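Take a look at the structure below.
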Amino acid sequence: MYLKNIQIQNFRNYDKLSISFEKGINIIYGNNGQGKTNLLESLYVLGMTKSHRSYIDNSLIKEGKQFFKIKGNLVIDYIKTKLEINYDSIEKKVKLDNNLIKKVSNYISKMNIIIFYPDDLSLIKGSPGERRRFLNSEISQLSGDYLVILNDYNKLLKMRNDYLKNTDIDENYLNVLTDYLIDKAVILYKMRYKFIEKVNQKIKNIYKNLSNLDNFKVIYKTSFKIDNYQKDLLRETIRKNFKKNLNKDKKNKITMIGPHRDDLEFFIGEDNLKNFGSQGQQRMAILSIKLAEIDIINQYKGSNPILLLDDVFSELDKKKKNNLLAYLTNDIQAIITTTDLTNIAKKIRDKSKLIEIKNGSINKITEVIK
C-alpha cells in the first residue's frame, strides 16, 4: 500500500498544494512553522476522516476560508483508489473513486496509516479517554465492523444513561436496554483484547531492539475482572457485573461499567511507565507499539500501512536512530518530517525523495537517484 499523490486545498496554512510521493521513504524538511506537520495531518485526515491533533474540524480550515478539500490516489497491489474528503463547516463528505460514501466505516479501513508525533506521549501521560480513542482508531483500521459496533454501543449507552436519569424506572425496559448494550460490549471486549494480545506478541522484541530494555508489555484494563473471552462466558460475566452494579448506576444516574471505562497501562517489568518511566522510555514504548501495528495490519490486510513520522529523529540519539531506521524497509512507504536533514543518515537520505516546505508551499524537490 502506498499513497501516490495528494492535493490539498484550504487546509491549515495551505491554500493549494499538490505532491507526489515515492513508494519508499519521503522526507519533508524545512524550518519550524512552515507546514510540515500540517502536511502529515492532511494525510492522516485523508485516511481516518479526522485529525489526530484536533477534535474540531473547523480548526482545520485555513483562516478566512469556508471549506477544506483533500484528495489522494492510493495504490494497493497495483490497483488505484481515489480518496476524497470535503468539509464545509457544516457537513463532511467522503468519496471513494468519486462515489459518495454514506458510512464512514466503509471508508476508514481503505487507507491504513500509522502516525508517530511528539504529542503521542499523551497516550501514556494523558487521560483514559485518550487511550480509548487510540484503541478505537487503530482497531477501526483493521475492521470497519468495529466502528459500526462502537457507534451502536455509544448510542445504546446514551439511551441507558438518559433513562437512568428518570425518577420512575421501568425495570423491564432497563433490562432490555442493558441486554442490547451487553451484546455490543461482548464484541468490543473481544476485539480490543485480541488487538492488545497481538500488540504484546510483537512489542517486547521491538522495544528491546530500539532501546535495549526488556519485558515491555501493555495491560488491557477493564472495569471488572474478565477471566475468559469465550463469547458465552464473557456475556455472562458482563451480565453479572451489570446486575451487581445496578444500584450504583441508579444512584449516580449513569452507567458506571463497560467498555467506555476501559484503559491501558504500560509496563517495563514491574514498573508502570506512567509513574516510573523516563520521557525517553515512554517515547520508545509508543514508537514500539506503532511499529508493531505495521505487522498487525499486514497480517490482517495483506499489505503494510503508510508510516508517518513527525520530527521523531530530533529526539533520538544516534544508536536509537539507527535502530529505528532498520524498520524502514522498501516494503513500507514512510513519510518523515525533520527540521534538519543531518538528523537522518546520509544512506537514508540518498534513497529518499526530499521535499522542502516553506510558508505552506513546496520550495524544492530532490528526487530519488535510481
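The values are calculated or read from the model by the stated rules, or taken from the named source; none is laboratory data. Everything numeric in this text was worked out from a predicted model, so none of it was measured. The area values use the complete protein model at the heavy-atom level, side chains included, leaving out ligands, DNA and RNA. Shrake-Rupley method; radii C 1.70, N 1.55, O 1.52, S 1.80 Å.
The table for this structure:
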{"quantity": "Relative contact order %, the chain, counting alpha carbon pairs below 8 Å whose residues are six or more apart", "calculated": "26"}
{"quantity": "Computed over segment 44-183: relative contact order in percent, which uses C-alpha pairs under 8 Å that are six or more apart", "calculated": "16"}
{"quantity": "Heavy-atom accessible area order for LYS251, LYS301, LYS194, largest first, 1.4 Å probe", "calculated": "LYS251, LYS194, LYS301"}
{"quantity": "Nearest-ten-degree value, helix 128-142 long axis tilted from longest Cα axis of the chain", "calculated": "70"}
{"quantity": "Amide hydrogen neighbours beyond the local backbone of ILE27, cut-off 5 Å, H modeled", "calculated": "ILE336, LYS353, LEU354, ILE355"}
{"quantity": "Accessible solvent surface per residue of the chain, calculated while the other protein chains remain in place, 1.4 angstrom probe, Å²", "calculated": "49"}
{"quantity": "Helix axis angle, 279-301 relative to the chain longest principal axis, alpha carbon, degrees", "calculated": "80"}
{"quantity": "Against the rule of thumb 2.2 N^0.38 Å, how large the Cα Rg of segment 33-79 comes out", "calculated": "1.30"}
{"quantity": "In Hz, Karplus ³J(HN,Hα) per residue of segment 46-57 (6.51, -1.76, 1.60; θ = phi - 60°; x = Gly, Pro)", "calculated": "4, x, 10, 6, 8, 7, 8, 10, 9, 8, 10, 4"}
{"quantity": "When the convex hull of its Cα atoms is projected in every direction, mean area for segment 213-366 (nm²)", "calculated": "14.5"}
{"quantity": "Accessible surface of segment 155-237 [probe 1.4 Å, protein heavy atoms]: carbon and sulfur percent", "calculated": "47"}
{"quantity": "Accessible surface ranking that places the most exposed of VAL104, VAL312, VAL368 first, with a 1.4 angstrom probe", "calculated": "VAL104, VAL368, VAL312"}
{"quantity": "Residue-level accessible surface for ARG261, protein heavy atoms, 1.4 Å, Å²", "calculated": "100"}
{"quantity": "Protein-only accessible surface order, largest first, of TYR55, TYR229 at 1.4 Å", "calculated": "TYR55, TYR229"}
{"quantity": "Residue-wise HN-Hα coupling along segment 196-208, computed from phi with Karplus coefficients 6.51, -1.76, 1.60 (Hz; x: Gly, Pro)", "calculated": "5, 4, 5, 4, 5, 5, 10, 6, 4, 5, 4, 5, 5"}
{"quantity": "Rounded to whole Hz, the Karplus (6.51, -1.76, 1.60) HN-Hα couplings of segment 29-42, x for glycine and proline", "calculated": "10, x, 5, 4, x, 8, x, 5, 5, 4, 5, 4, 4, 5"}
{"quantity": "Between segment 262-278 and segment 156-208, the alpha-carbon center distance in angstrom", "calculated": "24"}
{"quantity": "Debye intensity ratio I(q)/I(0), log10, the chain, q values 0.13 Å⁻¹ (C-alpha model)", "calculated": "-1.11"}
{"quantity": "Rounded if a/c under 1.5, otherwise prolate or oblate - segment 258-316, Cα gyration tensor axes", "calculated": "oblate"}
{"quantity": "Degrees between helix 144-164 axis and first principal axis of the chain (Cα, 0 to 90, nearest 10)", "calculated": "40"}
{"quantity": "Surface accessible to a 1.4 Å probe, LYS248 within the full protein complex, Å²", "calculated": "120"}
{"quantity": "Dimensionless Rg/Rh of segment 242-285 - Kirkwood Rh, Rg from C-alpha atoms", "calculated": "1.28"}
{"quantity": "Links that overshoot a 27 Å alpha carbon limit, given the list LYS71/LYS290; LYS158/LYS221; LYS110/LYS194; LYS221/LYS250; LYS16/LYS290; LYS82/LYS202", "calculated": "LYS16/LYS290; LYS82/LYS202"}
